[in-house]
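The values are calculated or read from the model by the stated rules, or taken from the named source; none is laboratory data. The model shown is predicted, which means the values in this text are computed figures rather than measured ones. Neighbour counts are summed over all protein chains in view; Cβ atoms, including those assigned to glycine, are modelled from backbone coordinates with ideal geometry. For accessibility, only protein heavy atoms count, side chains too; no ligands or nucleic acids. Shrake-Rupley method; radii C 1.70, N 1.55, O 1.52, S 1.80 Å.
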Amino acid sequence: MTVERVSGSDSEALSSLIRDYPFKPYRHYRVLSRRLQEAVLRAEIDGALRSQDGGAVIGPAAGQAAVIYQRLPWDSAFFGVPMGRILYLLRREGAGRDDVQTAVAAGVEACRAAGIWHLAARADVADADGIAALEDHGFRLMDALVTYVYLPKRETPPAVKAMGVLRPYREEDAPQIVDIAREAYRGFRSRFHFDPHLSDDRCDELYIEWAKKVCTGEMVEEVLVTENGHGEIHGFT
């Protein structure tokens, strides 16, 4: 394997892999062209590799597969464990299982050399070879994400009964939002709770801390709340 530090997706081998990657984000969103899907993927990888926390491992054999990884400074500080993630396991549609296995092995080794002790990865459910390669290198399935896609040309969904007032977040809403998050996630068992290397107490506090950072704008760009018209908040998004 060739471990290559690149400044962005302008690397010829990496650019080619991005173009050929069959599991691009939003590929099921028919309103987004393939060109836009590629632009989203390229921008996300560019952002990771231009950061001092990102890196890429690109394989031989005409660059059939690559791993893009990142350190996670906030997560590392919160849990007290050096953490990172495999942002993408890129591969060509015709890449062999050995190519994917080799890329994952080199990516894991690169993260280990970078001092990352705890590594997470997100895999597309259709990428069977990628999932198998990750499992062969010690990864376990801990969580799943489901995306609901609504086709805009279909009939408009029926109107639902309005519940309260929907409005933008205001600074004075913060205590109620934190209280809602504390109650909503009470007893919740996340993928972090099932990891014996992480403190249960810190896992419990994760979503409370997340709610606080939602309020300060560190986690999201915009927050909406619903209230009863008298200042009592029912929910937020």
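What is the residue count in the range 217-234 for residues that are in contact (Cβ under 8 Å) with a residue 24 or more places away in the chain and loosely packed, with under 15 Cβ neighbours inside 10 Å? Of the residues in the range 217-234, 6 are in contact (Cβ under 8 Å) with a residue 24 or more places away in the chain and loosely packed, with under 15 Cβ neighbours inside 10 Å. Within the range 38-70, the residues that satisfy the criterion of being of a type outside the set (A, V, I, L, M, F, W, C), in contact with a helix residue (DSSP H, G or I) (Cβ under 7 Å, 6 or more places away or on another chain) and under 26 Å from residue 97 (Cα atoms) are 38, 42, 54, 55, 59, 63, 64, 69, 70.
List pairs: first in the range 65-77 and farther than 14 Å from residue 117 by Cβ, second at pLDDT 95 or above and open to solvent by 80 Å² or more (accessible area, probe 1.4 Å), Cβ under 9 Å, 6+ apart or cross-chain? So the pair list comes out as 70/85. Screening the candidates 48, 39 for the property of being modelled with pLDDT of 90 or more, under 21 Å from residue 130 (Cα atoms) and either within 19 Å of the chain's Cα centre (by Cα) or open to solvent by less than 30 Å² (accessible area, probe 1.4 Å) (or both) yields one hit, 48.
Consider residue 99 carefully, then state whether it is more than 26 Å from residue 206 (Cβ to Cβ) and under 20 Å from the mean Cα position of the chain (by Cα). Criteria not met by residue 99.
Please tell me if residue 3 is at pLDDT below 85, within 26 Å of residue 98 (Cβ to Cβ) and β-branched (Val, Ile, Thr). Yes.
Against the condition open to solvent by 40 Å² or more (accessible area, probe 1.4 Å), of a type in the set (A, V, I, L, M, F, W, C) and on the phi < 0 side of the Ramachandran plot, how does residue 181 come out, does it pass?
No, not satisfied.
The set of residues in the range 89-112 being open to solvent by less than 30 Å² (accessible area, probe 1.4 Å), touching a residue at least 60 places away in the same chain (Cβ under 8 Å) and either of a type in the set (Val, Ile, Thr) or within 20 Å of residue 44 (Cβ to Cβ) (or both) consists of 90, 91, 103, 110. Put simply, of 165, 160 the only residue that is surrounded by 10 or more Cβ atoms within 10 Å (Cβ to Cβ), among the β-branched types (Val, Ile, Thr) and more than 17 Å from residue 75 (Cβ to Cβ) is 165. Tallying residues that are free of Cβ contacts under 8 Å to residues at least 24 places away in the same chain, part of a helix (DSSP H, G or I), open to solvent by 80 Å² or more (accessible area, probe 1.4 Å) and not acidic (Asp, Glu) within the range 192-215 yields 0.
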